[in-house]
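Report on one structure; see the data block that follows.
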Amino acid sequence: STAIYIDVAQTFDPDYAHRCGVDLNHLMIIHPYTIQRAIAMLPDFAGGAADLLVFDMPLHPLEPERQEQLSSALGRLLAPLNRSGSALLFVTSLPSGDAGYPRHLALPHYAALRLLVRRARWLYRRQDVSGYEADVLVLKNKLGKEGERTRITISFDGRAARGDHA
């Protein structure tokens with residue numbers, strides 16, 4: 001399987017991703033110059049260019065015309081994504097201590113699944129950080145229950161993440 005990572009926020013760390021088990025040979029990383037260009041290229045990839053399309057959003061608010069552009073693009077992407085079997089994942093960071101989602105984006109309306117992931121604690125092997133545990137809360141799920149919680153373990157040794165339902 002292949003993935004495309006549109007790194008609008010310019011935060012992708014290949015070393016970290018590799019340590020978490022991401023196969024970088026099956027990942028195309030794109031660094032668009034502007035948020036406008038990133039939004040404009042979404043339809044180009046929605047037709048099945050990859051099994052997974054990741055859009056890493058910057059934290060700063062979008063101007064009203066960019067909000068409208070993103071909302072319009074998302075509306076046009078639903079059918080092509082459904083036909084292709086590809087998944088579109090938006091990654092956004094929230095300010096520390098903020099449980100709310102930025103009001104400037106239309107993503108909550110279009111999302112089939114919304115997760116809130118918070119790091120709970122670092123894991124150590126001897127003196128080195130070997131991973132972390134994170135709490136995951138299902139905020140929205142069009143296909144199942146909302147409000148479910150689990151704790152997952154993300155290790156930096158390439159092993160798959162583990163989770164336990166809470």
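The values are calculated or read from the model by the stated rules, or taken from the named source; none is laboratory data. Because the structure is predicted, anything quoted here is derived from the model rather than measured. Positions of Cβ are backbone-derived with ideal geometry, glycine not excepted, and every protein chain shown enters the neighbour counts.
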Using beta carbons and a limit of 7 Å, which pairs, at least six apart or on different chains, have the first residue in region 12-40 and within 16 Å of residue 57 (Cβ to Cβ) and the second one assigned to a loop (DSSP other than H, G, I, E, B) and hydrophobic (A, V, I, L, M, F, W, C)? 29/12; 32/8; 35/8; 35/62; 38/8
Which one of 96, 86 is surrounded by 16 or more Cβ atoms within 10 Å (Cβ to Cβ) and either of a type outside the set (A, V, I, L, M) or modelled with pLDDT of 85 or more (or both)? 86
